[in-house]
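What follows is one structure encoded as structure tokens, with my remarks underneath.
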Amino acid sequence: MTRFRATFFYAFLAFFACSPLQAAHAEDAMKAVYHITDTENQAMLALNNARNHLRADPTAKIVLVANFKGINFLLDGAADKNGNPYRPAIEDLIAQGVEFRICKNTMDAFKVSADKVVPDVKIVPSGVAEVVRLQAREGYAYVKP
């Protein structure tokens, strides 16, 4: 009787370990939210990280959320300290499915109008609330470049 129970137990485990439900879960895309709060020290690093992330996992879902001093790279005409514009890298990542979101609270505080934001960047009411929502409700992993 003990051998029967052990055999049944292992068969049960093997069945559920290889079930379609388990396989579908394993194929779900990995999701990451990159949180940028400082353009000078984080923006180019975040863009490079997102690019490398997609090379390693082309199915990854990536969202970059910017607030506080991190919004500057999402403004039209913004460039890094060497004069390299951010927009081409942003547009390239958008073409690969990466989403960019900018904090409306920060825009208001810094008196930045919506027409200054790079096209296809979504304005969200609060950058911090968006990061929390993505983590808590949508299962995104938090990345701080």
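Does segment 48-101 hold any residues that are in contact with a Cys (Cβ under 7 Å, 6 or more places away or on another chain) and hydrophobic (A, V, I, L, M, F, W, C), and which are they?
ALA66, ILE71
Does PRO58 satisfy being assigned to a loop (DSSP other than H, G, I, E, B) and at pLDDT 95 or above?
Judged against the criteria, PRO58 is a match.
So which residues in segment 41-55 are surrounded by fewer than 17 Cβ atoms within 10 Å (Cβ to Cβ) and either modelled with pLDDT under 95 or polar (S, T, N, Q) (or both)?
ASN41, ASN48, ASN52
So, in segment 122-145, how many residues would count as being within 17 Å of GLN42 (Cβ to Cβ) and hydroxyl-bearing (Ser, Thr, Tyr)?
Counting residues in segment 122-145 that are within 17 Å of GLN42 (Cβ to Cβ) and hydroxyl-bearing (Ser, Thr, Tyr) gives 1.
Write out, first by first residue and then by second, each pair whose Cβ atoms fall under 7 Å of each other, whose residues are 6+ apart or on separate chains, and whose first residue, in segment 35-52, is in contact (Cβ under 8 Å) with a residue 24 or more places away in the chain and closer than 9 Å to ILE71 by Cα while the second is among the charged types (D, E, K, R) and surrounded by fewer than 22 Cβ atoms within 10 Å (Cβ to Cβ).
THR37/LYS69; ASP38/LYS69; THR39/LYS69
Output yes when any residue across segment 32-54 is under 17 Å from VAL121 (Cβ atoms), of a type outside the set (S, T, N, Q) and more than 18 Å from the chain's Cα centre (by Cα), and no when none is.
no
Examine segment 72-79 for a residue that is assigned to a helix (DSSP H, G or I), surrounded by 12 or more Cβ atoms within 10 Å (Cβ to Cβ), touching a Ser or Thr at 6+ places or on another chain (Cβ under 8 Å) and modelled with pLDDT of 95 or more, and state whether such a residue exists.
First, pick out the residues of segment 72-79 that are assigned to a helix (DSSP H, G or I): 72-74.
This time we only want the ones that are surrounded by 12 or more Cβ atoms within 10 Å (Cβ to Cβ), so: 72-74.
Okay, now just the ones that are also touching a Ser or Thr at 6+ places or on another chain (Cβ under 8 Å), so 72-73.
This time we only want the ones that are modelled with pLDDT of 95 or more, so: 72-73.
There is at least one residue in segment 72-79 that is assigned to a helix (DSSP H, G or I), surrounded by 12 or more Cβ atoms within 10 Å (Cβ to Cβ), touching a Ser or Thr at 6+ places or on another chain (Cβ under 8 Å) and modelled with pLDDT of 95 or more.
Restricting to segment 52-109, name every residue that is hydroxyl-bearing (Ser, Thr, Tyr) and under 18 Å from ALA141 (Cα atoms). Before the answer, list the steps.
Going through segment 52-109, the residues hydroxyl-bearing (Ser, Thr, Tyr) turn out to be 59, 86, 106.
Result: THR59, single match.
When you go through (1) part of a helix (DSSP H, G or I); (2) at pLDDT below 95; (3) under 15 Å from the mean Cα position of the chain (by Cα) one by one for ALA29, which number turns out not to apply?
ALA29 satisfies every listed condition except (1).
The values are calculated or read from the model by the stated rules, or taken from the named source; none is laboratory data. Note that the structure is a prediction, hence the values are computed from the model and not measured. No Cβ is skipped: glycine too gets one built from the backbone with ideal geometry, and neighbour counts run over all protein chains shown.
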